[in-house]
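The values are calculated or read from the model by the stated rules, or taken from the named source; none is laboratory data. Bear in mind the structure is a predicted one, so any value in this text is a computation, not a measurement. What goes into the accessible areas is simple: the full protein's heavy atoms, side chains included, and nothing from ligands, DNA or RNA. Shrake-Rupley method; radii C 1.70, N 1.55, O 1.52, S 1.80 Å.
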Amino acid sequence: NVLVGNGSNELLMVAMATLVAPGRRVVIPTPTFPLYEKLATIFGGEVVCVDIDPRSGTLPLRAMLGAALDSPEPAVVVACSPNNPTGGVLGSGDLEALLASGAFVLLDRAYGEFWDDGPPRPVDRLVTLSTFSKAWGLASLRIGWLESTPVLCAEMRKVKLPYNLNVFSQEAALVAIENETLMQAR
């Protein structure tokens, strides 16, 4: 269920390369991390940006669902929760609603440790991306991981480059995991 890589950016690229094909709709709330749109465009996706309400900063679930359901084939929906830069999060039941639409959901939890919702369990069509760069304070070591189902992880392994994470970063990640209480205290 888990792939590790040279930062969550690399794993986002792997997920997009696996799921996005020319013409496939990719729904992205905006403003958000610009790499989502860049990668979707590189892989030929039809990018549909939906605006985040600037007053509340919440993710626009109805607009995201509408754009996903309007797609002739299963769309890819990107959700960063908490979102960078607005801080908006998916509300209770929002992730389930996105998955019920039939879309693939790329859930970026780069700031997930700052929001006490906990990572969702792997289910069909869900790819959860996480990083040691933010709350863990290990940005310069470039360690990320993604979680999904074994079937989807197997497909992503076909795209992922081998030997992408050096031994120093691997050891740092293991030490960090062994000392999670230090990260939580910070």
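Roughly what % antiparallel, to the nearest 5, for the DSSP beta bridges in the range 33-186?
30
State the percentage of accessible surface on the chain attributable to carbon and sulfur atoms; use a 1.4 Å probe and exclude ligands, DNA and RNA.
C and S atoms contribute 57 percent here.
What number do you get for the range 1-45 when its Cα radius of gyration is normalised by 2.2 N^0.38 Å, N = residues?
1.16
So what is the relative contact order for the chain, in percent, with contacts set as C-alpha pairs under 8 Å and at least six apart? Provide the component values of the computation, followed by the final result.
Working: 354 pairs, mean separation 46.0, N = 186.
Once normalised by length, the contact order is 25 percent.
Rounded to the nearest whole Å², what accessible area per residue is found for the range 36-186 with the 1.4 Å probe?
Averaged over the residues of the range 36-186, the accessible area is 54 Å².
If you project the alpha carbons of the range 81-186 onto their three principal axes, what span does each projection cover, largest first, in Å?
Here the Cα extents, ordered largest to smallest, are 41, 35, 23 Å.
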